[in-house]
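For reference, the structure is listed below as C-alpha coordinates.
The values are calculated or read from the model by the stated rules, or taken from the named source; none is laboratory data. Keep in mind that what you see is a predicted model, and the values were worked out from it rather than measured. Here Cβ is always computed from backbone atoms with ideal geometry, including for glycine, and neighbour counts include all displayed protein chains. Just the protein is used for accessible areas: all its heavy atoms, side chains included, with ligands, DNA and RNA removed. Shrake-Rupley method; radii C 1.70, N 1.55, O 1.52, S 1.80 Å.
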Amino acid sequence: MNTADELVEEQVLIPEDRASGCSSKFSFKKLWAFTGPGWLMSIAYLDPGNIAGDLQSGVYGGYKLLWVLLYATMFGLILQILAARLGVVTGRDLATVCREQFNKPTSRTLWVMAEIAIIGSDIQEVLGSAIALKLLFGLPLWLGALITICDTFTFLFLHFLGIRKLEAFFAFLISVMATCFWLNLLHIDVPVDAILVGCIVPRIPKGAFTQTIGLIGAVIMPHNLYLHSALVQSRRVDKSDREKIKEANKYFAIEAAISLFVSFLINMAVVCVFAYATQQNFAEKGEIELNNAHIALEGLLGKWAVIVWGVGLLAAGQSSTMTGTYSGQFVMQGFVELPIAPWKRVLVTRAIAIFPSLMIVIWGNVDNIDEYLNVLQSFQLPFALIPLLKFTSSRSVMGEFITPAKLVKFCSLMSVVVILLNFYQALFMGLDLIVAIALLFTLGVVYVGFLVYVFRCPIVYPYSEEKKLIEEKSDQKSSSRDIELKTSART
(Lines give C-alpha, C1' and ligand atoms only; values in the text may rest on other atoms or scores of the structure.)
Protein backbone atom coordinates (compact mmCIF):
# COMPACT_ATOMS: atom_id res chain seq x y z
CA MET A 1 0.00 0.00 0.00
CA ASN A 2 1.23 3.49 -0.80
CA THR A 3 2.21 5.50 2.27
CA ALA A 4 0.02 8.45 1.40
CA ASP A 5 -3.01 6.22 0.77
CA GLU A 6 -2.51 4.68 4.22
CA LEU A 7 -2.11 7.94 6.12
CA VAL A 8 -4.54 10.09 4.11
CA GLU A 9 -7.40 7.63 4.34
CA GLU A 10 -10.16 10.01 3.25
CA GLN A 11 -10.19 11.18 -0.36
CA VAL A 12 -12.11 14.21 -1.60
CA LEU A 13 -14.25 13.58 -4.66
CA ILE A 14 -13.72 15.90 -7.62
CA PRO A 15 -16.92 17.09 -9.35
CA GLU A 16 -17.34 15.80 -12.90
CA ASP A 17 -17.91 18.01 -15.91
CA ARG A 18 -21.49 18.05 -17.11
CA ALA A 19 -20.49 17.98 -20.75
CA SER A 20 -17.72 15.97 -22.38
CA GLY A 21 -14.66 17.91 -23.41
CA CYS A 22 -15.08 20.76 -20.88
CA SER A 23 -12.27 19.73 -18.51
CA SER A 24 -9.91 22.34 -19.96
CA LYS A 25 -12.17 25.18 -18.84
CA PHE A 26 -11.49 26.82 -15.49
CA SER A 27 -13.97 25.96 -12.76
CA PHE A 28 -14.12 27.57 -9.33
CA LYS A 29 -16.06 24.56 -8.11
CA LYS A 30 -13.18 22.26 -9.07
CA LEU A 31 -10.60 24.66 -7.65
CA TRP A 32 -12.48 24.52 -4.36
CA ALA A 33 -12.42 20.71 -4.46
CA PHE A 34 -8.64 20.72 -5.00
CA THR A 35 -8.07 23.46 -2.40
CA GLY A 36 -6.50 22.24 0.83
CA PRO A 37 -3.14 20.50 0.35
CA GLY A 38 -1.48 23.74 -0.77
CA TRP A 39 -2.58 25.58 2.35
CA LEU A 40 -1.26 22.83 4.61
CA MET A 41 1.99 22.94 2.63
CA SER A 42 2.22 26.74 2.97
CA ILE A 43 2.33 26.43 6.78
CA ALA A 44 6.01 25.45 6.43
CA TYR A 45 6.61 28.87 4.86
CA LEU A 46 5.11 30.52 7.96
CA ASP A 47 6.62 28.62 10.86
CA PRO A 48 8.55 30.35 13.69
CA GLY A 49 11.79 29.66 11.81
CA ASN A 50 10.52 31.78 8.95
CA ILE A 51 9.35 34.48 11.36
CA ALA A 52 12.81 34.50 12.96
CA GLY A 53 14.45 34.71 9.54
CA ASP A 54 12.11 37.55 8.58
CA LEU A 55 12.85 39.68 11.62
CA GLN A 56 16.61 39.09 11.27
CA SER A 57 16.33 40.08 7.62
CA GLY A 58 14.55 43.27 8.58
CA VAL A 59 17.02 44.13 11.36
CA TYR A 60 20.21 43.44 9.36
CA GLY A 61 19.07 44.28 5.83
CA GLY A 62 16.13 46.62 6.20
CA TYR A 63 13.97 46.36 3.09
CA LYS A 64 16.94 45.37 0.92
CA LEU A 65 16.54 41.62 1.43
CA LEU A 66 12.90 41.46 0.36
CA TRP A 67 14.05 40.26 -3.06
CA VAL A 68 15.55 37.18 -1.38
CA LEU A 69 12.21 36.46 0.27
CA LEU A 70 10.33 36.97 -3.01
CA TYR A 71 12.67 34.95 -5.22
CA ALA A 72 13.00 32.16 -2.66
CA THR A 73 9.21 31.93 -2.44
CA MET A 74 8.94 31.83 -6.25
CA PHE A 75 11.59 29.09 -6.43
CA GLY A 76 9.78 27.28 -3.63
CA LEU A 77 6.57 27.47 -5.67
CA ILE A 78 8.27 25.74 -8.61
CA LEU A 79 9.53 22.97 -6.34
CA GLN A 80 6.13 22.52 -4.66
CA ILE A 81 4.43 22.23 -8.06
CA LEU A 82 6.96 19.57 -9.07
CA ALA A 83 6.36 17.70 -5.80
CA ALA A 84 2.59 17.84 -6.33
CA ARG A 85 2.97 16.62 -9.93
CA LEU A 86 5.09 13.69 -8.76
CA GLY A 87 2.39 12.71 -6.28
CA VAL A 88 -0.45 13.07 -8.77
CA VAL A 89 1.21 11.28 -11.69
CA THR A 90 2.80 8.37 -9.81
CA GLY A 91 0.26 8.05 -7.01
CA ARG A 92 3.20 7.95 -4.61
CA ASP A 93 4.81 10.43 -2.26
CA LEU A 94 8.46 11.45 -2.70
CA ALA A 95 9.70 9.33 0.21
CA THR A 96 8.06 6.20 -1.19
CA VAL A 97 9.52 6.85 -4.65
CA CYS A 98 12.99 7.23 -3.10
CA ARG A 99 12.63 3.91 -1.30
CA GLU A 100 11.48 2.15 -4.47
CA GLN A 101 14.04 3.70 -6.80
CA PHE A 102 17.25 3.78 -4.72
CA ASN A 103 19.20 1.06 -2.99
CA LYS A 104 18.80 0.71 0.78
CA PRO A 105 21.95 2.64 1.88
CA THR A 106 21.04 5.57 -0.39
CA SER A 107 17.40 5.75 0.65
CA ARG A 108 18.30 5.43 4.34
CA THR A 109 20.84 8.26 4.00
CA LEU A 110 18.17 10.46 2.43
CA TRP A 111 15.83 9.47 5.24
CA VAL A 112 18.36 10.54 7.89
CA MET A 113 18.85 13.88 6.11
CA ALA A 114 15.09 14.41 6.03
CA GLU A 115 14.80 13.60 9.74
CA ILE A 116 17.57 16.09 10.53
CA ALA A 117 15.65 18.76 8.63
CA ILE A 118 12.46 17.88 10.52
CA ILE A 119 14.29 17.99 13.87
CA GLY A 120 15.72 21.41 13.04
CA SER A 121 12.29 22.66 12.05
CA ASP A 122 10.64 21.20 15.15
CA ILE A 123 13.12 22.94 17.43
CA GLN A 124 12.10 26.26 15.91
CA GLU A 125 8.40 25.43 16.07
CA VAL A 126 8.44 24.30 19.70
CA LEU A 127 10.61 27.24 20.70
CA GLY A 128 8.35 29.69 18.84
CA SER A 129 5.23 28.34 20.56
CA ALA A 130 6.96 28.40 23.95
CA ILE A 131 7.97 32.04 23.45
CA ALA A 132 4.40 32.92 22.44
CA LEU A 133 2.96 31.23 25.54
CA LYS A 134 5.48 33.11 27.67
CA LEU A 135 4.41 36.44 26.14
CA LEU A 136 0.69 35.74 26.45
CA PHE A 137 0.50 33.88 29.79
CA GLY A 138 3.88 34.33 31.46
CA LEU A 139 4.76 30.64 31.30
CA PRO A 140 8.41 29.57 31.50
CA LEU A 141 9.90 28.30 28.25
CA TRP A 142 10.22 24.69 29.40
CA LEU A 143 6.55 24.53 30.39
CA GLY A 144 5.48 26.15 27.12
CA ALA A 145 7.55 23.56 25.27
CA LEU A 146 5.87 20.69 27.13
CA ILE A 147 2.43 22.11 26.38
CA THR A 148 3.33 22.45 22.70
CA ILE A 149 4.61 18.88 22.56
CA CYS A 150 1.37 17.61 24.08
CA ASP A 151 -0.62 19.75 21.65
CA THR A 152 0.90 17.92 18.69
CA PHE A 153 -1.16 14.86 19.57
CA THR A 154 -4.34 16.83 18.94
CA PHE A 155 -3.40 16.06 15.33
CA LEU A 156 -4.91 12.60 15.86
CA PHE A 157 -8.30 14.01 16.84
CA LEU A 158 -8.31 16.58 14.02
CA HIS A 159 -7.40 13.87 11.54
CA PHE A 160 -10.36 11.74 12.65
CA LEU A 161 -12.74 14.65 12.02
CA GLY A 162 -11.99 14.48 8.29
CA ILE A 163 -9.46 15.93 5.89
CA ARG A 164 -11.63 18.92 4.91
CA LYS A 165 -12.15 19.98 8.52
CA LEU A 166 -8.41 19.61 9.13
CA GLU A 167 -7.66 21.80 6.11
CA ALA A 168 -10.21 24.38 7.26
CA PHE A 169 -8.56 24.54 10.69
CA PHE A 170 -5.15 25.24 9.15
CA ALA A 171 -6.67 27.88 6.88
CA PHE A 172 -8.09 29.53 10.01
CA LEU A 173 -4.65 29.59 11.65
CA ILE A 174 -3.17 31.18 8.51
CA SER A 175 -5.87 33.86 8.65
CA VAL A 176 -4.95 34.52 12.30
CA MET A 177 -1.29 34.99 11.32
CA ALA A 178 -2.20 37.29 8.44
CA THR A 179 -4.43 39.42 10.66
CA CYS A 180 -1.92 39.73 13.50
CA PHE A 181 1.23 40.46 11.50
CA TRP A 182 -0.48 42.83 9.09
CA LEU A 183 -2.21 44.63 11.96
CA ASN A 184 1.23 45.61 13.25
CA LEU A 185 2.36 46.62 9.76
CA LEU A 186 -0.64 48.87 9.13
CA HIS A 187 0.17 50.90 12.26
CA ILE A 188 3.55 52.10 11.00
CA ASP A 189 4.50 54.48 8.22
CA VAL A 190 6.28 52.11 5.84
CA PRO A 191 7.84 53.59 2.68
CA VAL A 192 6.12 51.82 -0.21
CA ASP A 193 8.86 52.81 -2.66
CA ALA A 194 11.53 51.17 -0.46
CA ILE A 195 9.48 47.96 -0.35
CA LEU A 196 9.08 47.85 -4.13
CA VAL A 197 12.79 48.50 -4.70
CA GLY A 198 13.68 45.89 -2.09
CA CYS A 199 11.52 43.28 -3.86
CA ILE A 200 13.01 43.96 -7.30
CA VAL A 201 16.66 45.02 -6.95
CA PRO A 202 19.04 42.25 -5.73
CA ARG A 203 21.31 43.64 -3.00
CA ILE A 204 23.01 42.15 0.05
CA PRO A 205 23.90 44.79 2.66
CA LYS A 206 27.24 44.50 4.43
CA GLY A 207 27.08 42.08 7.36
CA ALA A 208 23.81 40.46 6.21
CA PHE A 209 25.14 37.44 4.31
CA THR A 210 24.28 34.95 7.06
CA GLN A 211 20.75 36.33 7.20
CA THR A 212 20.50 35.96 3.41
CA ILE A 213 21.44 32.27 3.54
CA GLY A 214 19.21 31.74 6.57
CA LEU A 215 16.27 33.32 4.78
CA ILE A 216 16.63 30.84 1.90
CA GLY A 217 16.75 27.94 4.34
CA ALA A 218 13.81 29.32 6.29
CA VAL A 219 11.57 29.74 3.25
CA ILE A 220 12.24 26.45 1.40
CA MET A 221 11.92 23.57 3.84
CA PRO A 222 13.31 20.24 2.54
CA HIS A 223 10.74 18.05 4.29
CA ASN A 224 7.94 20.15 2.82
CA LEU A 225 8.60 18.59 -0.60
CA TYR A 226 7.89 15.17 0.91
CA LEU A 227 4.79 16.54 2.62
CA HIS A 228 3.20 18.13 -0.45
CA SER A 229 3.73 15.07 -2.65
CA ALA A 230 1.79 13.06 -0.07
CA LEU A 231 -0.99 15.55 0.69
CA VAL A 232 -2.20 15.61 -2.92
CA GLN A 233 -3.17 11.96 -2.50
CA SER A 234 -6.19 13.22 -0.55
CA ARG A 235 -7.93 14.02 -3.86
CA ARG A 236 -9.40 11.18 -5.88
CA VAL A 237 -7.89 11.48 -9.34
CA ASP A 238 -8.43 8.86 -12.02
CA LYS A 239 -4.88 7.83 -12.93
CA SER A 240 -6.15 6.06 -16.06
CA ASP A 241 -7.35 9.33 -17.60
CA ARG A 242 -4.73 11.76 -18.97
CA GLU A 243 -7.16 14.65 -18.84
CA LYS A 244 -7.91 14.07 -15.17
CA ILE A 245 -4.21 14.05 -14.35
CA LYS A 246 -3.65 17.27 -16.32
CA GLU A 247 -6.61 18.83 -14.56
CA ALA A 248 -5.29 17.88 -11.12
CA ASN A 249 -1.83 19.25 -11.94
CA LYS A 250 -3.38 22.52 -13.10
CA TYR A 251 -5.56 23.13 -10.05
CA PHE A 252 -2.90 22.04 -7.57
CA ALA A 253 -0.49 24.51 -9.21
CA ILE A 254 -3.04 27.34 -8.97
CA GLU A 255 -3.76 26.53 -5.33
CA ALA A 256 -0.05 26.42 -4.48
CA ALA A 257 0.50 29.81 -6.15
CA ILE A 258 -2.34 31.42 -4.17
CA SER A 259 -1.29 29.96 -0.82
CA LEU A 260 2.39 30.88 -1.26
CA PHE A 261 1.47 34.40 -2.35
CA VAL A 262 -0.41 34.78 0.93
CA SER A 263 2.59 33.38 2.83
CA PHE A 264 4.86 35.90 1.08
CA LEU A 265 2.62 38.78 2.15
CA ILE A 266 2.68 37.58 5.77
CA ASN A 267 6.47 37.16 5.78
CA MET A 268 6.90 40.53 4.09
CA ALA A 269 4.87 42.18 6.86
CA VAL A 270 7.26 40.84 9.51
CA VAL A 271 10.34 41.98 7.55
CA CYS A 272 8.94 45.48 7.07
CA VAL A 273 7.91 45.94 10.71
CA PHE A 274 11.37 45.11 12.03
CA ALA A 275 13.10 47.06 9.27
CA TYR A 276 11.09 50.08 10.38
CA ALA A 277 11.83 49.36 14.05
CA THR A 278 15.55 49.34 13.25
CA GLN A 279 15.28 52.64 11.41
CA GLN A 280 13.52 54.14 14.44
CA ASN A 281 16.26 52.80 16.76
CA PHE A 282 13.95 50.35 18.56
CA ALA A 283 15.93 47.34 17.31
CA GLU A 284 19.68 46.83 16.95
CA LYS A 285 21.78 44.27 15.13
CA GLY A 286 22.98 41.42 17.29
CA GLU A 287 20.42 42.11 20.01
CA ILE A 288 17.01 41.26 18.53
CA GLU A 289 16.10 37.56 18.35
CA LEU A 290 12.79 35.74 18.32
CA ASN A 291 12.82 35.47 22.13
CA ASN A 292 13.11 39.24 22.68
CA ALA A 293 11.55 40.70 19.52
CA HIS A 294 8.55 41.82 21.57
CA ILE A 295 10.72 44.45 23.27
CA ALA A 296 11.19 46.29 19.98
CA LEU A 297 7.48 46.01 19.17
CA GLU A 298 6.46 47.35 22.57
CA GLY A 299 8.75 50.33 22.20
CA LEU A 300 7.54 50.97 18.67
CA LEU A 301 3.79 50.36 18.94
CA GLY A 302 2.91 49.69 22.57
CA LYS A 303 1.87 46.70 24.69
CA TRP A 304 -1.07 45.79 22.46
CA ALA A 305 1.39 45.00 19.65
CA VAL A 306 3.11 42.44 21.90
CA ILE A 307 -0.19 40.61 22.45
CA VAL A 308 -0.94 40.66 18.72
CA TRP A 309 2.58 39.41 17.99
CA GLY A 310 2.21 36.63 20.57
CA VAL A 311 -1.10 35.44 19.10
CA GLY A 312 0.36 35.37 15.59
CA LEU A 313 3.50 33.58 16.77
CA LEU A 314 1.40 31.01 18.68
CA ALA A 315 -0.68 30.32 15.55
CA ALA A 316 2.53 29.88 13.55
CA GLY A 317 4.06 27.52 16.10
CA GLN A 318 0.99 25.37 16.67
CA SER A 319 0.10 24.98 13.00
CA SER A 320 3.66 24.20 11.89
CA THR A 321 4.12 21.69 14.72
CA MET A 322 1.08 19.77 13.51
CA THR A 323 2.21 19.84 9.87
CA GLY A 324 5.55 18.60 11.20
CA THR A 325 3.62 15.64 12.58
CA TYR A 326 2.31 14.95 9.09
CA SER A 327 5.79 15.33 7.56
CA GLY A 328 7.37 13.01 10.10
CA GLN A 329 4.83 10.29 9.39
CA PHE A 330 5.09 10.51 5.61
CA VAL A 331 8.88 10.59 5.68
CA MET A 332 9.34 7.68 8.10
CA GLN A 333 6.65 5.46 6.60
CA GLY A 334 7.76 6.25 3.05
CA PHE A 335 11.43 5.49 3.63
CA VAL A 336 11.19 2.74 6.28
CA GLU A 337 7.65 1.36 5.76
CA LEU A 338 7.00 0.48 9.38
CA PRO A 339 4.02 -1.90 9.73
CA ILE A 340 2.63 -0.24 12.88
CA ALA A 341 -0.58 1.55 13.83
CA PRO A 342 -0.81 5.27 12.97
CA TRP A 343 -0.92 6.38 16.62
CA LYS A 344 2.27 4.43 17.36
CA ARG A 345 3.92 6.00 14.31
CA VAL A 346 2.98 9.44 15.65
CA LEU A 347 4.67 8.62 18.97
CA VAL A 348 7.83 7.38 17.25
CA THR A 349 8.18 10.24 14.78
CA ARG A 350 7.34 12.92 17.34
CA ALA A 351 9.77 11.47 19.89
CA ILE A 352 12.60 11.52 17.35
CA ALA A 353 11.93 15.11 16.34
CA ILE A 354 10.68 16.81 19.51
CA PHE A 355 13.00 15.37 22.18
CA PRO A 356 15.95 17.51 20.92
CA SER A 357 13.62 20.52 20.95
CA LEU A 358 12.85 20.01 24.62
CA MET A 359 16.55 19.62 25.43
CA ILE A 360 17.36 22.93 23.71
CA VAL A 361 14.66 24.76 25.66
CA ILE A 362 15.70 23.22 28.99
CA TRP A 363 19.32 24.04 28.22
CA GLY A 364 18.18 27.64 28.04
CA ASN A 365 20.69 29.03 25.54
CA VAL A 366 18.39 29.94 22.64
CA ASP A 367 20.30 32.97 21.36
CA ASN A 368 20.98 32.76 17.60
CA ILE A 369 19.56 29.23 17.51
CA ASP A 370 17.01 30.11 14.81
CA GLU A 371 19.68 31.69 12.63
CA TYR A 372 21.87 28.58 12.74
CA LEU A 373 18.92 26.24 12.20
CA ASN A 374 17.83 28.16 9.10
CA VAL A 375 21.34 27.74 7.68
CA LEU A 376 21.06 24.03 8.51
CA GLN A 377 17.84 23.83 6.49
CA SER A 378 19.65 25.37 3.55
CA PHE A 379 22.34 22.65 3.80
CA GLN A 380 19.65 19.94 3.90
CA LEU A 381 17.64 21.27 0.94
CA PRO A 382 19.63 19.53 -1.85
CA PHE A 383 18.97 16.10 -0.27
CA ALA A 384 15.28 16.50 -1.10
CA LEU A 385 15.66 18.73 -4.14
CA ILE A 386 18.00 16.47 -6.16
CA PRO A 387 15.79 13.35 -5.92
CA LEU A 388 12.73 15.45 -6.80
CA LEU A 389 14.41 16.86 -9.92
CA LYS A 390 15.69 13.41 -10.87
CA PHE A 391 12.28 11.75 -10.71
CA THR A 392 10.24 14.54 -12.29
CA SER A 393 12.69 14.74 -15.20
CA SER A 394 12.55 10.97 -15.82
CA ARG A 395 10.19 9.76 -18.53
CA SER A 396 10.11 6.26 -17.02
CA VAL A 397 8.70 7.80 -13.82
CA MET A 398 6.53 10.65 -15.12
CA GLY A 399 5.65 9.46 -18.62
CA GLU A 400 4.26 12.27 -20.76
CA PHE A 401 4.15 14.56 -17.69
CA ILE A 402 7.93 14.86 -17.58
CA THR A 403 9.31 18.24 -16.45
CA PRO A 404 10.58 20.42 -19.35
CA ALA A 405 14.36 20.26 -19.79
CA LYS A 406 14.79 24.04 -19.44
CA LEU A 407 13.02 24.04 -16.08
CA VAL A 408 15.15 21.13 -14.87
CA LYS A 409 18.31 23.00 -15.89
CA PHE A 410 17.12 26.13 -14.08
CA CYS A 411 16.32 24.22 -10.88
CA SER A 412 19.64 22.35 -11.11
CA LEU A 413 21.46 25.68 -11.45
CA MET A 414 19.64 27.00 -8.38
CA SER A 415 20.66 23.87 -6.50
CA VAL A 416 24.30 24.46 -7.37
CA VAL A 417 23.98 28.10 -6.25
CA VAL A 418 22.50 27.03 -2.90
CA ILE A 419 25.28 24.47 -2.37
CA LEU A 420 28.01 27.03 -3.19
CA LEU A 421 26.44 29.61 -0.88
CA ASN A 422 26.32 27.04 1.90
CA PHE A 423 30.03 26.29 1.62
CA TYR A 424 30.89 29.98 1.36
CA GLN A 425 28.88 30.63 4.49
CA ALA A 426 30.63 27.77 6.31
CA LEU A 427 33.97 29.57 5.90
CA PHE A 428 32.71 32.24 8.30
CA MET A 429 31.68 30.06 11.23
CA GLY A 430 34.54 31.22 13.43
CA LEU A 431 36.99 28.44 12.59
CA ASP A 432 40.62 28.97 11.71
CA LEU A 433 40.82 29.53 7.95
CA ILE A 434 43.15 26.57 7.25
CA VAL A 435 41.08 24.25 9.46
CA ALA A 436 37.87 25.47 7.83
CA ILE A 437 39.19 24.90 4.31
CA ALA A 438 40.45 21.40 5.16
CA LEU A 439 37.18 20.50 6.85
CA LEU A 440 35.10 21.90 4.01
CA PHE A 441 37.17 20.06 1.42
CA THR A 442 36.75 16.75 3.25
CA LEU A 443 33.05 17.17 3.93
CA GLY A 444 32.48 18.79 0.55
CA VAL A 445 33.75 15.75 -1.32
CA VAL A 446 31.32 13.54 0.61
CA TYR A 447 28.44 16.05 0.44
CA VAL A 448 28.68 16.89 -3.25
CA GLY A 449 29.79 13.38 -4.19
CA PHE A 450 26.70 11.84 -2.63
CA LEU A 451 24.38 14.34 -4.31
CA VAL A 452 25.98 13.68 -7.71
CA TYR A 453 25.64 9.94 -7.09
CA VAL A 454 21.95 10.35 -6.27
CA PHE A 455 21.30 12.39 -9.40
CA ARG A 456 23.10 9.90 -11.66
CA CYS A 457 21.61 6.75 -10.13
CA PRO A 458 19.67 4.70 -12.70
CA ILE A 459 15.94 4.25 -12.24
CA VAL A 460 15.70 0.87 -10.52
CA TYR A 461 11.96 0.39 -10.80
CA PRO A 462 10.47 2.24 -13.77
CA TYR A 463 6.71 2.61 -13.56
CA SER A 464 6.51 1.60 -17.22
CA GLU A 465 4.02 -1.22 -16.79
CA GLU A 466 1.69 1.00 -14.79
CA LYS A 467 2.07 3.78 -17.37
CA LYS A 468 1.37 1.32 -20.18
CA LEU A 469 -1.85 0.17 -18.53
CA ILE A 470 -2.90 3.76 -17.90
CA GLU A 471 -2.24 4.73 -21.51
CA GLU A 472 -4.11 1.68 -22.81
CA LYS A 473 -7.14 2.51 -20.64
CA SER A 474 -6.94 6.15 -21.71
CA ASP A 475 -6.79 5.13 -25.39
CA GLN A 476 -9.79 2.86 -24.91
CA LYS A 477 -11.74 5.72 -23.33
CA SER A 478 -10.73 8.07 -26.16
CA SER A 479 -11.84 5.50 -28.75
CA SER A 480 -15.17 5.03 -26.97
CA ARG A 481 -15.72 8.79 -26.92
CA ASP A 482 -14.93 9.04 -30.64
CA ILE A 483 -17.40 6.26 -31.43
CA GLU A 484 -20.08 7.96 -29.31
CA LEU A 485 -19.51 11.29 -31.05
CA LYS A 486 -19.64 9.70 -34.51
CA THR A 487 -22.82 7.80 -33.59
CA SER A 488 -24.50 10.94 -32.25
CA ALA A 489 -23.44 12.89 -35.36
CA ARG A 490 -25.02 10.29 -37.66
CA THR A 491 -28.26 10.28 -35.72
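Residue 280 fulfils the conditions (1) open to solvent by 10 Å² or more (accessible area, probe 1.4 Å); (2) under 21 Å from residue 68 (Cα atoms) except for a single criterion, (2).
One line per residue, one yes/no per condition, for (1) open to solvent by 60 Å² or more (accessible area, probe 1.4 Å); (2) within 27 Å of residue 84 (Cα to Cα); (3) modelled with pLDDT under 70:
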residue	(1), (2), (3)
336	no, yes, no
345	no, yes, yes
350	no, yes, yes
353	no, yes, yes
358	no, no, no
364	no, no, yes
371	no, no, yes
376	no, yes, no
379	no, yes, no
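Scanning the stretch 136-187 for residues that are surrounded by fewer than 17 Cβ atoms within 10 Å (Cβ to Cβ) and acidic (Asp, Glu) yields one hit, 151.
Among the residues of the stretch 208-228, those identified as touching an Asp or Glu at 6+ places or on another chain (Cβ under 9 Å) and more than 16 Å from residue 260 (Cβ to Cβ) are 210, 211, 214, 223, 226. Screening residue 52 on (1) within 22 Å of the chain's Cα centre (by Cα); (2) at pLDDT below 90; (3) open to solvent by 10 Å² or more (accessible area, probe 1.4 Å); (4) not acidic (Asp, Glu) shows it passes everything except condition (3). Contact annotation: residue pairs with Cβ atoms under 6 Å, 6 or more positions apart or on different chains, pairing a residue in the stretch 239-254 that is in a loop (DSSP other than H, G, I, E, B) with a partner that is open to solvent by 50 Å² or more (accessible area, probe 1.4 Å), are 240/473.
A single member of 146, 139 is closer than 21 Å to residue 363 by Cβ, not polar (S, T, N, Q) and not in a helix (DSSP H, G or I), and it is 139.
What tally of residues in the stretch 195-215 results from selecting those that are among the hydrophobic types (A, V, I, L, M, F, W, C), open to solvent by less than 30 Å² (accessible area, probe 1.4 Å) and assigned to a helix (DSSP H, G or I)?
Of the stretch 195-215, the ones among the hydrophobic types (A, V, I, L, M, F, W, C) are 195-197, 199-201, 204, 208-209, 213, 215.
Restricting the remaining residues to those that are open to solvent by less than 30 Å² (accessible area, probe 1.4 Å) gives 195, 199, 208, 213, 215.
Remaining after also requiring assigned to a helix (DSSP H, G or I): 195, 199, 213, 215.
Counting residues in the stretch 195-215 that are among the hydrophobic types (A, V, I, L, M, F, W, C), open to solvent by less than 30 Å² (accessible area, probe 1.4 Å) and assigned to a helix (DSSP H, G or I) gives 4.
In summary, residue 198 fulfils each of the numbered conditions (1) under 22 Å from residue 128 (Cβ atoms); (2) in contact with a Lys or Arg (Cβ under 7 Å, 6 or more places away or on another chain); (3) at pLDDT 90 or above with the single exception of condition (1). Taking the listed residues 265, 290, the one that is open to solvent by less than 40 Å² (accessible area, probe 1.4 Å), closer than 24 Å to residue 172 by Cα and either part of a helix (DSSP H, G or I) or not acidic (Asp, Glu) (or both) is 290, with no other qualifying.
Put simply, of 427, 407, 443 the only residue that is surrounded by fewer than 18 Cβ atoms within 10 Å (Cβ to Cβ), out of contact with any Pro (no Cβ under 8 Å at 6 or more places or on another chain) and at pLDDT below 65 is 427. Among the criteria (1) open to solvent by 20 Å² or more (accessible area, probe 1.4 Å); (2) closer than 30 Å to residue 95 by Cα; (3) at pLDDT below 90, the one residue 24 does not fulfil is (2). For the stretch 67-89, a residue qualifies if it is surrounded by 24 or more Cβ atoms within 10 Å (Cβ to Cβ) and polar (S, T, N, Q), and exactly one does: 80.
Quick check, is residue 92 open to solvent by 40 Å² or more (accessible area, probe 1.4 Å) and either charged (D, E, K, R) or at pLDDT below 85 (or both)? For residue 92, the condition - open to solvent by 40 Å² or more (accessible area, probe 1.4 Å) and either charged (D, E, K, R) or at pLDDT below 85 (or both) - is not met. Across the stretch 243-262, the qualifying residues are those that are surrounded by 21 or more Cβ atoms within 10 Å (Cβ to Cβ) and charged (D, E, K, R), and the one among them that is nearest to residue 15 (Cα to Cα) is 247. Among the numbered conditions (1) out of contact with any Leu (no Cβ under 8 Å at 6 or more places or on another chain); (2) among the charged types (D, E, K, R); (3) touching a residue at least 40 places away in the same chain (Cβ under 8 Å), the only one that residue 167 does not meet is (1). Of all residues in the stretch 84-110, those being of a type in the set (Phe, Trp, Tyr) and farther than 13 Å from residue 454 by Cβ number 0.
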